[in-house]
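None of the figures in this text is laboratory data; all of them are computed from the coordinates on show. Source: prediction; values computed, not measured. Ideal geometry is used to build each Cβ from the backbone, glycine not excepted, and the neighbour counts take in all protein chains shown.
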């Protein structure tokens with residue numbers, strides 16, 4: 001994941017996703033950054049060979065990219081530790097994807113990272129493995145990630161990352177009931193007539 005200070009790009013990380021997508025100069029600059037980062041990361045195709053600059057520029061999935069800033073006073077009052085705008089990378093996301101949110105949250109806890117210097121109100125990883133909650137302000141509101149980790153002798157260890165999302169309908173449908181009792185059939189028939 002590529003994490004960039006919004007101010008270094010002339011942004012605040014409070015812009016609407018459509019405004020970021022509509023800024024051609026910004027999009028060209030951020031694409032150049034994710035391509036070079038992807039090369040340095042050694043991102044590879046499914047067969048294990050390194051991706052080319054052209055493939056990285058056209059990639060729909062990697063590397064993940066976000067711009068970050070300190071939360072506004074209102075966001076901080078709501079519990080936010082950092083404000084972000086996330087990219088898939090080809091387009092600004094309307095919220096914050098699980099993978100990107102977990103990466104950003106972990107980065108906020110590691111001393112010396114870009115996010116460590118911007119995230120507010122967080123205790124950095126220490127020598128003992130424990131849970132750290134990071135709240136990230138984004139266009140959809142506030143998303144929370146729980147990072148379980150430690151930092152000992154310069155080595156960060158993150159055994160798990162959990163992500164909390166708001167409730168949403170995952171499935172809506174119908175299923176047949178086989179060998180239903182006469183009482184159940186009558187109950188559903190009465191309900192259908194009432195509707």
- Query: Cα axis of helix 98-109 to longest principal axis of the chain: angle in degrees, 0 to 90, nearest 10?
  - Reply: 40 degrees
- Label model pair residue 61, residue 45: point-to-point distance (7 angstrom along the Cα→beta-carbon line) in nm is 1.5 nm
- Item | Gyration tensor verdict on segment 1-151 (Cα atoms; rounded if a/c is under 1.5, prolate if a/b is larger than b/c, oblate otherwise) | oblate
- Query: Given the C-alpha centroids of segment 105-145 and segment 6-84, what is the distance between them in whole angstrom?
  - Reply: 18 Å
- So how do 85, 29, 135 line up by other beta-carbon neighbours within 10 Å, fewest first? 29, 135, 85
- Item | Extended-chain gain in nm, criterion 0.36 nm per residue less alpha-carbon gap, residue 32 and residue 77 | 12.7 nm
- Task: Determine the gain in length on full extension of the stretch residue 5-residue 91; use 0.36 nm per residue of separation and subtract their C-alpha separation, reporting nm with one decimal.
- Result: 29.2 nm
- Query: Fewest to most neighbouring Cβ within 10 Å: what's the order for 86, 178, 188?
  - Reply: 178, 188, 86
- Helix 24-41 versus the longest principal axis of the chain: what is the Cα-based angle in degrees, 0 to 90, to the nearest 10? 80 degrees
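Report relative contact order for segment 45-94 in percent, whole number only (criteria: Cα-Cα under 8 Å, sequence separation at least 6).
Value for segment 45-94: 36 percent.
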- For segment 1-128, what proportion of DSSP beta bridges, expressed in % and rounded to the nearest 5, is antiparallel? 65 percent
- Task: Run the quick spin-label model on residue 12 and residue 190: label points 7 Å from Cα toward the beta carbon, then report their separation in nm to one decimal.
- Result: 6.0 nm
- Query: If we count other beta carbons within 10 Å of each Cβ, what is the order of 174, 93, fewest first?
  - Reply: 174, 93
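Using helices alone, I'd like the mean residue ellipticity at 222 nm for the chain: each DSSP H run of four-plus residues gives -39500 (n - 2.57), total over residue count, nearest 500.
On the way: 6 runs with 59 residues, N = 195.
That calculation yields -9000 deg cm²/dmol at 222 nm.
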- Message: Which of rounded, prolate or oblate describes segment 61-114 when judged by the alpha-carbon gyration tensor and an a/c cut-off of 1.5?
- Response: oblate
- Estimated inter-spin distance, residue 19 and residue 98, nm [label 7 Å along Cα→Cβ]: 3.1 nm
- Query: Over the chain, what is the relative contact order in whole percent, taking alpha-carbon pairs under 8 Å and six or more residues apart?
  - Reply: 17 percent
